[in-house]
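For reference, the structure discussed in these notes is given below.
The values are calculated or read from the model by the stated rules, or taken from the named source; none is laboratory data. These numbers were taken from a predicted model, which means no experiment stands behind them. Here Cβ is always computed from backbone atoms with ideal geometry, including for glycine, and neighbour counts include all displayed protein chains. These accessible areas exclude ligands, DNA and RNA; they are computed on the full protein's heavy atoms, side chains included. Shrake-Rupley method; radii C 1.70, N 1.55, O 1.52, S 1.80 Å.
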Amino acid sequence: MTVNNRDLFSSFGKLFQNRAFVMAVAQQFHFGDHGNERGGRGQMGILRVLADAPAGLTNAEIAEILDIRPSSVSATLNRLEDGGLIEREPSAHDKRVVIVRLSDRGREMADHRAQGTSDLADQLFGNLTDDERNQLQHLLDKLRANADDIDIQDLMQFGQQHGFGPRPGWGHGHHWFN
């Protein structure tokens with residue numbers, strides 16, 4: 001690793017130690033886009049999908065959009081309905097079909113989260129010019145594409161071969177380094 005790469009890595013580490021930045025990333029992960037065209041797959045993912053579909057969706061459509069099992073959609077919708085965030089009603093065209101929509105409370109929550117995300121993004125990136133934001137986006141896209149090509153298994157095998165890899169049972173209370 002060159003000194004410049006080590007410095008960049010350190011800068012990213014410092015950025016990820018900033019609470020506001022970590023909260024913004026976590027918020028985007030739970031309610032925004034993180035590799036899936038519509039965001040997460042749990043309750044937040046379903047709320048996001050429904051926020052984008054004011055006319056409502058069927059269970060099957062939600063399952064297809066989020067690429068999850070219909071039974072998982074049904075269970076999650078039950079929890080959202082219990083929380084007053086969604087409403088279900090029979091389709092006007094086919095009484096066998098149930099249309100799921102955000103309730104007023106669900107819409108309010110989705111709007112509040114969307115505004116909060118926008119405000120946080122404006123605060124985090126507000127001191128950059130348009131050119132700097134475009135350049136940063138370009139560089140982050142390149143980094144992400146490069147990161148997608150990294151095989152974590154190769155890194156873990158290298159670490160094990162050199163005595164500092166994960167221990168048996170790693171991920172269950174064990175640490176990466178000995």
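Annotations for the structure displayed:
- Scanning the range 94-116 for residues that are assigned to a helix (DSSP H, G or I) and either in contact with a Pro (Cβ under 8 Å, 6 or more places away or on another chain) or open to solvent by less than 40 Å² (accessible area, probe 1.4 Å) (or both), we see that the one that is modelled with the lowest pLDDT is Gly116.
- All told, Glu89 falls short of being among the acidic types (Asp, Glu), in contact with a helix residue (DSSP H, G or I) (Cβ under 9 Å, 6 or more places away or on another chain) and open to solvent by 50 Å² or more (accessible area, probe 1.4 Å).
- From the list Ala63, Ala75, the lone residue that is touching a Ser or Thr at 6+ places or on another chain (Cβ under 8 Å), assigned to a helix (DSSP H, G or I) and on the phi < 0 side of the Ramachandran plot is Ala63.
- Pairs with Cβ under 8 Å, 6+ apart, first in the range 62-76 and within 14 Å of Ile99 (Cα to Cα), second open to solvent by 40 Å² or more (accessible area, probe 1.4 Å) and in a loop (DSSP other than H, G, I, E, B): Ala63/Arg69
- Count of residues meeting criterion [open to solvent by 50 Å² or more (accessible area, probe 1.4 Å) and either within 16 Å of Arg113 (Cα to Cα) or over 19 Å from the mean Cα position of the chain (by Cα) (or both)] in the range 45-68: 6
- Glu81 being open to solvent by 70 Å² or more (accessible area, probe 1.4 Å), modelled with pLDDT of 95 or more and within 15 Å of Gly42 (Cα to Cα): yes
- Picking from residues in the range 9-43 that are of a type in the set (S, T, N, Q) and modelled with pLDDT under 75, the one that is nearest to the chain's Cα centre (by Cα) is Gln28.
- Meets criteria (surrounded by 13 or more Cβ atoms within 10 Å (Cβ to Cβ), at negative phi and modelled with pLDDT of 75 or more) for Ala147: no
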